[in-house]
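The structure appears below as structure tokens.
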Amino acid sequence: MSTESIQRRDWLGNVFAALAGIGAMQLLRRDCPAQTPQWQPGSGVTHFAPKAQRVLQIFCPGAASHIDLWEHKPMLEKLDGQPLPGEESLVSFQGKNGPLMKSPWPFRPAGECGKPWSTLLPHMSRHADKIAFIHSMTTKTNTHGPGCVFMNTGHPTEGFPSAGAWVSYALGSANDNLPTYVAIPDLRGEPPNGKANWSNGFLPARHQGIVMSAQQPIRNLKRPAGITPRAEQRSRELLEWLNRQDAARHPGNSALQARMAAYQLAAKMQLSAPEVSDLSRETSAIHRLYGTDDANRLKAAYARNCLLARRLLERGVRYVNLYCASRASGVDGLLNWDAHKTLKPDYERHGPIFDQPTAALLTDLEQRGLLADTLVLWTTEFGRMPTRQEGTTGRDHNPDGFTCWMMGAGVRGGTSYGATDEFGRRSVENVATVWDYYATVLHLLGFDHTKLTWYYNGLDRRLTDVHGHVIHDVMA
């Protein structure tokens, strides 16, 4: 036997031993609790220790007015009826603007922080010490559809994943029987641009939001009366086998894989979804707190959606989009917060629908201990002008300054970050963007927003595009 053949045998033996060692290391890495885990999409592992485990995003479509709800501007009261200094001939989205218009509702100090608070929202004022306001938000568009999509996805055009889809991709599911991401539209309809607001975009289809509401449970879950449980089970097993075969032949087809996952989830949800949707399980005291039986049917419907949101969150749903109002109608301000012509009667219609149920949801989350690891967001697509539109008592669109806020896990309550000018026209102090907002959201969830990416069309895409800075001043 030659020396060369012995060396070859030794070499091959060493190779096989090395490969076995690599395999053992992989098993040890997976099973050893002392090993620091590396982030993998959907694994539940984060880039660093998170403050929040789930997100509730409350969205008021129609561009809810910052200067009538959240940011007090005494100069509007002082100069009411006079031209806006420096912009006397201002032309905005719908045309020429008239003089400055004060808020129809006085502001009063709320909470220990003394935050000036609109008397239009008395129930929400109880949470003033828990909320961190960002009064200097700006956006890239003054049109409702692109504005809503931009606020939800970080991009003003459709086709990009929503924040909820990104969180679903990043964290994965925290439960086995319910969707990871749920969108709850208002009784009055979907928001501007509809399903693009909870789209998965270019992420795998399983990360899109599942639409569900108190008035519209998830459809097609109940087994038809003529089919026995055994027949259904055997049909499902056959379908699963066929899907596995097809998935093996087409491994890059994410839509097929998502459909398979949806069928599997649907089977589990035949039991879990009716339970989570059954609001009759709640006490009469809870129903009174939310106002689910209010004489105002729109308020009662939104209250039931708020209660459904809490039930979803406590059962492990990662991200809930809750909408208060819908897309525009033929009459401005009728179905959403787009008060172009008659601000006072419009907001006196929308304010009570929003106020009590939302405040109750926040109170309920806190009483159940969920607020400690739930991040609550309030968003709208842009703000409104400090002037009245010419010939009206309403306000036009204002993309240059508006308010969003957050509370709950990791948030420093009772604070206000940034500000618009003395009239509420433009953000001038600590100017913030939608990308900054979501960089902060992802940070509270334990992610570096610059590293949460998906390679698509030649680029590593992000929720924050190529922008965004964490707003540390609103964090505890």
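None of the figures in this text is laboratory data; all of them are computed from the coordinates on show. Since we're looking at a predicted model, the values are computed, not measured. Positions of Cβ are generated from backbone atoms using ideal geometry, with glycine treated the same way; all protein chains shown enter the neighbour counts.
With each pseudo-label sitting 7 Å past Cα toward Cβ, what's the Glu158-Val428 distance in nm, one decimal?
Reported label-point gap for Glu158 and Val428 is 3.9 nm.
Rank these for me by crowding, Arg304, Arg297, Arg384, going from fewest to most other beta carbons within 10 Å.
Going from sparsest to densest Cβ surroundings: Arg297, Arg304, Arg384.
Please arrange Ser125, Ser326, Ser235, Ser280 by counting, for each residue, the other beta carbons lying within 10 Å of its beta carbon, fewest first.
Ser280, Ser235, Ser125, Ser326
Report the percentage of all Cα-Cα pairs in the chain whose separation exceeds 45 Å, rounded to a whole percent.
19
Kindly work out what percent of the DSSP beta bridges joining two residues of the chain are antiparallel, to the nearest 5.
The answer is about 55 percent antiparallel.
If I fit a long axis through the Cα atoms of helix 434-444 and take the longest principal axis of the Cα atoms of the chain, what angle between them do I get, 0 to 90°, rounded to 10?
Helix 434-444 sits at roughly 50 degrees to that axis.
Testing the spin-label approximation: label points 7 Å from Cα along Cα→Cβ at Ser280 and Ile227. State their distance in nm.
Distance between label points: 2.5 nm.
Rank these for me by crowding, Cys324, Cys113, Cys404, going from fewest to most other beta carbons within 10 Å.
Ranking Cys324, Cys113, Cys404 by Cβ neighbours within 10 Å, fewest first, gives Cys113, Cys404, Cys324.
Could you tell me how many degrees, from 0 to 90 and to the nearest 10, lie between the Cα long axis of helix 3-31 and the main elongation axis, the longest principal axis, of the Cα atoms of the chain?
40
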